[in-house]
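Accompanying notes for the structure given below.
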Amino acid sequence: MSTGGAEDGADAAVWVRPDGRSVRYYRLGELLPPKPAVAVVTGADTYVGRALAQALISAGQPVAALAAVPADLSAPSVLGRAGFHPAWEAMLAAHDASVIFHCTRRPFPPGGTRPARREAALAWETHVADTLEMLRRWERDDDAPPVVLLSSAAVYGAYDPHPVSERTALHPDSAWAESLAAAEALVAKVAPRHAILRVFEVVGPDDRGRVADSRAHPWTRLAAGFVEPLPAMWDCVALDEVVAALMRAGRHLAGGGPSLVLNVGSGIAASPGKLADAFGLPAPPPQPARGLVADMACMQATWGWAPAAPNLGALARASRRAVQGRPAEAPHD
Amino acid sequence: MISLVADVLTDEWVSLADARQERPLTSPGESACPFCPGPRSEVGLTPFHVAVFPNRYPVFDHPGAAEVVVYSPRHQDDYGHLSPAHGRLVWQVWRDRSAALAERTDVESVLVFENRGRRMGATIDHPHGQIYGYPYVPPRLAHERQVGHGSACRLCRVDAWTLPAAEAPHWRLVVPRAMRMPYQLALVPRRHVGTLAALSQEEVAEGAHLLQRAYRAYDRLMGYRAALAMGVHQPGRAGHLRLECLPIERGQLRQKYLASSELIMGAFVTDIPAERAAERLQAALAAESLMSPASSAHHPGDPKEPRHDHSC
Ligand SMILES: [Zn+2]
Ligand SMILES: [Zn+2]
């Protein structure tokens, strides 16, 4: 083997193959460095996924984002749905995934703007087919990255009496919730280490009094048919607590913690019907009014969190004041 | 058996390489990939970042040459996503091999190129490009020489016939107003140089990075890894170097095919105005400039954070 010169520290060595053809090898100064480990956020263009990606970046965590539409993040991002293999290939060519925050969720059905069967197909495609495709990449891998799944309290269905704990049987009562429950089962069975977070959304501004201008966000635009009569619906999700819970779950798993299922949020999930009720608006058909209160004991025991939302009506009034006191298109932050 | 056949109507050469029918058409899996390191692979077991070897199924071989440039030992890599130093190394290999082939008496013209993606005709997924040493002057080059003969260099006045996609101190990335393929890009050095070998180290570094950005911008624009033809025009002493990217993508996995007009008459037809292509590419390239490959491995676990085990 002879060594020839190349510029800029590159080295060329020649090997003459048995068939007479020669192979030239060029090397950088050292062998390939390990790829940088990143937290992968799927659904980085969604309401929660985008906020999570931003929070991780602000916290100095290298992030790679997977987004179906451009997410405008200052992080390496790859366009593509979570189930789209070329998107993963492009991402994993450059990075190692240390943890996957799987935030890809179908926007909640925008109240009758699409046929229900079409909406059901889309929910199953997003929640189940894409999740399966994503997980299969590591199905034979002993060193698969841990997965944090953003799920929803909707998997419990409507419950009476309150509150529901993580051990409560699931009674999903829509295609959206059924497919999300199926995604939970998939993650639990296929991802060796996982955290499933069932988010209880809360009505009201966050604890700094901020409300998100989600009308500017594509996710809300998708749901626009539903949002218009209920301006506070998405504006008032307690985003910070959900994001903090996701980040803690990521640290928990990256630090070697065992798999877990947790209720997170601030204690209340409100259906569109319940919200309409609280706002004194006509209930949007076809969802019946219902509410759900989480048993947060487990979350509290695990992370020392106290539920912050004791009263839906009071929060609804506060959030309505907050929303009405702001210009309609004021940017978040 | 390789033979050159002349088209009597145009005086253009066509190369016939019938052994190529036997080449592997797909890479069934990484273990069977001929470009992944392994005892029976084309690249053997020696560690490398970039490897070059004569094509096992060449279209040209004395006269002429056909070489394969494997960009990385990693099957999942892509030129657009290599580290900047690794991207530069690929360019250094291109210039090294181009210069070596150009010196041969049986080589008239050198083309460094990549068929990116199976839909572009790549038969092996492993990231790689090729170098042809043509034993003749290929038709497009001959035509460009004839048209440009005796007039001022058109690539020195690239603003006159292109729209800017991205600007850099040593290079321009431009959209030709006369796009032959949708979202076609040309990467042109500001300095009038005719070969990769004539570039300075600074020009190589910046050009290599801009081309990586262009690849990633295409992926961003399409939402998936875009299939494209990339080629390096090295007209030599008198001419002006340029790299061309010709995607076959029209978006959403719709493909631009070369059809009757292109194949029979050599007359190209596109349906995307250059202005719109430039606008969309500018945005995608700007977004990609925000992307810098993360330099340090960082674990999401914060060591100061107390660890709690799930207790429920
Ligand atoms: Zn390979
Ligand atoms: Zn010139």
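Sorting the Cα pairs of the stretch B:94-154 by distance into bins of 10 Å, from 0 upward, gives 19, 34, 37, 9, 1 percent per bin. Using the empirical formula 2.2 N^0.38 Å as the baseline, the Cα radius of gyration of chain B reaches a ratio of 1.08.
If R0 is 51 Å, the Cβ-Cβ spacing of A:Ala121 and B:Val5 corresponds to a FRET efficiency of close to 0.40. Given in Å, the Rg to one decimal and the Dmax to the nearest whole number for the Cα atoms of the stretch B:109-198 are 15.1, 43. Report B:Cys153's accessible area, 1.4 Å probe, all protein chains in place, as a number in Å² to the nearest 10. We get 40 Å² for B:Cys153. Given axes a ≥ b ≥ c from the Cα gyration tensor, I'd like to know whether the stretch B:198-286 is rounded (a/c under 1.5), prolate (a/b larger than b/c) or oblate. In terms of gyration-tensor shape, oblate. Rounded, prolate or oblate: which one fits the stretch B:1-133, using the alpha carbon gyration tensor with axes a ≥ b ≥ c (rounded when a/c is under 1.5, else prolate when a/b beats b/c, else oblate)? Judged from the Cα gyration tensor, the stretch B:1-133 comes out prolate (a/c at least 1.5, a/b above b/c). Legend: mean number of C-beta atoms from other chains within 10 angstrom of residue C-beta atoms, peptide B:73-84, equals 4.
Among the residues of B:48-59, the average count of other protein chain beta-carbon atoms within 10 Å of the residue beta-carbon is 5. Scanning residues 5 or more positions from A:Ser152 or on other chains, those with amide H under 5 Å from its amide H are A:Val199, with H placed 1.01 Å from N in the peptide plane. Look at the Cα gyration tensor of the stretch B:49-102: its axes a ≥ b ≥ c give a/c of at least 1.5 with a/b at or below b/c, and that counts as oblate. Between B:His170 and A:His85, the simple label model (points 7 Å from Cα in the Cβ direction) yields a spacing of 3.8 nm.
To the nearest 10, the accessible area of B:Ser151 is 50 Å² with a 1.4 Å probe. Between B:Thr162, B:Thr123, B:Thr46, the residue with the greatest mean-square fluctuation in the GNM of chain B (Cα pairs under 10 Å linked by springs) is B:Thr46. Ranking of B:Lys256, A:Lys189 by solvent-accessible surface, largest first: A:Lys189, B:Lys256 (1.4 Å probe, protein heavy atoms only, all chains present). Interface area, chains A and B: about 4700 Å² of buried accessible surface, summed, with a 1.4 Å probe and ligands, DNA and RNA left out. Taking all protein chains into account, the per residue accessible area for chain B stands at 47 Å² (1.4 Å probe). Accessible surface of B:Met1, taken over heavy atoms with a 1.4 Å probe and every protein chain present, rounds to 150 Å².
The values are calculated or read from the model by the stated rules, or taken from the named source; none is laboratory data. Computed from a prediction, not measured in an experiment: that's the story for all the values here. So basically every Cβ, Gly included, is an ideal-geometry build from the backbone, and we count neighbours across all protein chains shown. Only protein heavy atoms, including side chains, enter the accessible area calculation; ligands, DNA and RNA are left aside. Shrake-Rupley method; radii C 1.70, N 1.55, O 1.52, S 1.80 Å.
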